[in-house]
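Down below is the structure, laid out as structure tokens.
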Amino acid sequence: MNRLGDAIVAYRASIKINPHDARVRTNLGSALGREGRLPEAIEEFTEALRLDPTYEPAARNLALARSRPGGG
């Protein structure tokens, strides 16, 4: 597995331990987005904002993911 894949695995493991961490979900979404997995990234950013509606990095990344082709 590559470093990005390793990061995704680690973020998912962290979410299993603490599913209410908006920062980890945002980081997972960012890693997924870098892999081109925009629907999954959008789900993570959306969940991060549900958990913490004021978390600006999640809002910013969600807007960016939606603006990319395939993120519609």
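List of remarks:
- Some residue of the range 38-46 being crowded, with 16+ Cβ neighbours inside 10 Å, in a helix (DSSP H, G or I), more than 12 Å from the chain's Cα centre (by Cα) and of a type outside the set (Val, Ile, Thr): no
- Check on Ala58, of a type in the set (A, V, I, L, M) and touching a Leu at 6+ places or on another chain (Cβ under 9 Å): yes
- Figure legend. Inter-residue proximity from the range 31-49: first residues in contact (Cβ under 8 Å) with a residue 12 or more places away in the chain, second residues of a type in the set (S, T, N, Q) and in a helix (DSSP H, G or I), beta-carbon distance below 8 Å, spacing 6+ or different chains. Indicated pairs: Gly33/Asn61; Ala41/Ser30; Ala41/Asn61; Glu44/Thr26; Phe45/Thr26; Phe45/Asn61; Ala48/Thr26.
Residues checked against (1) out of contact with any Phe, Trp or Tyr (no Cβ under 7 Å at 6 or more places or on another chain); (2) of a type in the set (A, V, I, L, M, F, W, C); (3) surrounded by 14 or more Cβ atoms within 10 Å (Cβ to Cβ); (4) part of a helix (DSSP H, G or I):
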residue	(1), (2), (3), (4)
Gly5	yes, no, no, yes
Pro19	yes, no, no, no
Leu28	no, yes, yes, yes
Thr54	yes, no, no, no
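Values quoted throughout were computed directly from the atomic coordinates according to the rules given, and no laboratory measurement underlies them. Because the structure is predicted, anything quoted here is derived from the model rather than measured. Counting neighbours? That spans all protein chains shown, and the Cβs are built from the backbone with ideal geometry, glycine included.
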